[in-house]
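Every number here is computed from the coordinates shown, using simple stated rules; none is lab data. Remember, predicted model here, so these are calculated numbers, not experimental data. Virtual Cβ from ideal backbone geometry, glycine too; neighbours counted across all protein chains shown.
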Amino acid sequence: MADRVTVIGWDGTPLTTAARSALSAATLVAGAAHHLSLPEVPPTAERIRLGSVALAARRIAAHRGTAVVLADGDPGFFGVVRTLRAPEFGLEVEVVPAVSSVAQAFARAGMPWDDAQVVVAHRRTLRRAVNVCRAHSKVAVLTSPGAGPAELGLLLEGVHRTFVICEELGTTREQVTVVTSDKAADHTWRDPNVVIVIGGPVTHDPAAAHDGGWIAGREPVTTPRGWALPAASYGGEHELGEGETDRIRAAQLARLGPRVGDLVWDIGCGTGAFAAEAARFGAAVIAVDRDADACARTTAAARRFGVHAQVVHGTAPHILENLPEPDVVRVGGGGAAVVSAVADRRPERIVTHAATRDAAELLGRDLSEHGYAVECALLQSVELDTRAWTERKRTVVFLLSGLLLDRTA
C-alpha cells in the first residue's frame, strides 16, 4: 500500500508550497495529461494517466511509496476523493484543495451561487440534469463529452434558458460565452467546461431576494407550509375538479413521489394545483390541457408559488408524442385513451382517477396489460362547515395508481 496519498487540486494558478512539496516527494503521480506535463512532476516518478479513478486507486493501493493524484478544481467536490476513500481501497488520503470550477464559473459571471443547484452531466445522468435545469432558476452543470452545452440545449427544447458557458477555466484558453439555450447546439464547445443555466425570475416574495438565503442550494423564496393546499391557495375563484381536490391531490402526490431530477407530466392540469405542488418538490413539470384558460391558470399558479412549469396547450394523447420522457405522470382527464398512450411511454408511476367502478376497472385493466402493478382505492371525503357541523361538500372518486416494477429506483 502507498505510504501516503495526497490529492492536489489544480485551478490553473501556480501550485501552493504544500502542493509542490508533496509532488517533489512523489514516487507515483496520477492525473490527466495536462497534469502530468506540469514541470513540478518528478521525472523519475511513475505516471498514471487518469481515466478510471477506481483502476488508478487499485494501482495506488498496490504501490510502495508516496503517491500524488492531481485533479482539476476542488477534488472533494464531485471529484476523485470520494472514490479514493472507498473502503475497498484502504487508502488514507490528504487533500490540498483548489478553487472549484463551479466557484470559478460563477466568479467569471459575477454572480452569487449559494442559491444554485449543482449537477453533474454524464451520458447516463444527462436527462436528470436537464430536468433540474427545467425546474430551477439557477443551475451549474459540470459537463462531460457527449453531455455538454449542445446536448443540454437540445433537450431543453420548449424551455427558454440563458447559458453562461465557461470553457477551460484557469488556462490560457479560458473563454466565457453567453448564449440562449436554443443556440447552444450551433457551436462546438471545448472540454472541460461548466455551464451556468439561468431561468426567468420566479421569486415568490420580492423581499426575500434582497435578504438572501440561509441554506445553500435553495432559492430565496417563501412558500406556504404544507402540501395539498385548499382551493383558496390557488386564487379560489375557480372550482377544483374532482381529481384536484386537496385530499385526492395528497394521495396523488404520495403515490407519485416527485423529486429533484424527475420530469412529471400533468395531463389535464385544470387549475394548476397539482402541477404547482409537484414543482414545489423540486421536480420538472410539463402541464398539458386542451383548455387555454386552464393553461393560463396553471401558469399563474406556478408563478404564485415561485416555481417553474412548462405549460403546453393541446389535446392528449396526440400532443404527448413530442414531449420528453416522463418519470411519473398524473392523468387528470382524457380517459382510457390517454392512460394507454401514457403507459406506452413507460413512466415509472402513473396515477389517475375514475368516477365509477366500471371506469376504474377499464383503466386498471389497461394499466395491467401494459405491465403495471395496479392499486385502486375508493376515496371519500366530506367537508364540514364547523360553525354548524353540517356537511358542505362530499367527494367520491376511485383513485388508481400503476407501478412499473422494472423501472423502480
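Calculated mean residue ellipticity at 222 nm for the chain: -7500 deg cm²/dmol, from DSSP H runs with n ≥ 4 weighted as -39500 (n - 2.57), summed, divided by the residue count and rounded to 500. The dipole here belongs to the chain: it is taken about the Cα centre, uses +1 on the Cβ of Lys and Arg and -1 on the Cβ of Asp and Glu, and is about 720 debye.
Taken over the Cα atoms of the stretch 101-156, the convex hull encloses 77 Å³ per residue. Is the shape of the stretch 249-404 rounded, prolate or oblate, going by the alpha carbon gyration tensor and its root eigenvalues a ≥ b ≥ c, with a/c under 1.5 for rounded and a/b larger than b/c for prolate? Taking the square roots of the gyration eigenvalues as a ≥ b ≥ c, the stretch 249-404 is oblate.
Placing +1 on each Lys and Arg Cβ and -1 on each Asp and Glu Cβ, with no other charges, gives the stretch 238-284 a dipole about its Cα centre of roughly 220 debye.
Qualifying trypsin sites (Lys or Arg not before Pro) in the stretch 34-105, where qualification requires a DSSP coil assignment and no more than 10 other C-beta atoms within 10 Å, comprise Arg64. Taking the centroid of alpha carbons for each part, the stretch 331-409 and the stretch 83-111 are 46 Å apart. By the Cα gyration tensor, the chain has an equivalent ellipsoid whose semi-axes, rounded to whole angstrom, run 49, 23, 20 from largest to smallest. With a ≥ b ≥ c the root eigenvalues of the C-alpha gyration tensor of the stretch 237-299, is it rounded (a/c under 1.5), prolate (a/b larger than b/c) or oblate? Oblate is the answer for the stretch 237-299, as a/c is 1.5 or above yet b/c matches or exceeds a/b. For the peptides 340-350, 326-336, 30-40, the ranking by packing is 326-336, 340-350, 30-40, with the highest mean count of neighbouring Cβ atoms within 10 Å listed first. Packing, taken as the mean count of other beta carbons within 10 Å per residue, orders the peptides 386-392, 276-282 from highest to lowest as 276-282, 386-392. Within the stretch 53-150, the GluC sites (Glu not before Pro) that combine a DSSP coil assignment with at most 16 other C-beta atoms in a 10 angstrom radius are Glu88, Glu92. The stretch 1-33 and the stretch 257-309 have their alpha-carbon centroids 49 Å apart.
If only the Cβ of Lys and Arg carry +1 and only the Cβ of Asp and Glu carry -1, the dipole of the stretch 264-309 around its Cα centre is close to 160 debye. Between the residues Ile319, Gly146, Ala301, the greatest Cα displacement towards the positive end of the dipole of the chain, with unit charges on the Cβ of Lys, Arg, Asp and Glu, is found for Gly146. Distances between placed amide hydrogens fall under 5 Å for Gly261 paired with Val132, Ala284, all partners being 5 or more residues away or on another chain.
Springs join every pair of Cα atoms under 10 Å in this Gaussian network model of the chain, and among Val288, Val95, Val307 the largest mean-square fluctuation is at Val95.
DSSP assigns beta bridges within the chain; of those with both partners inside it, close to 50 percent run antiparallel. The equivalent ellipsoid that matches the C-alpha gyration tensor of the stretch 6-137 spans semi-axes of 29, 18, 12 angstrom, in descending order.
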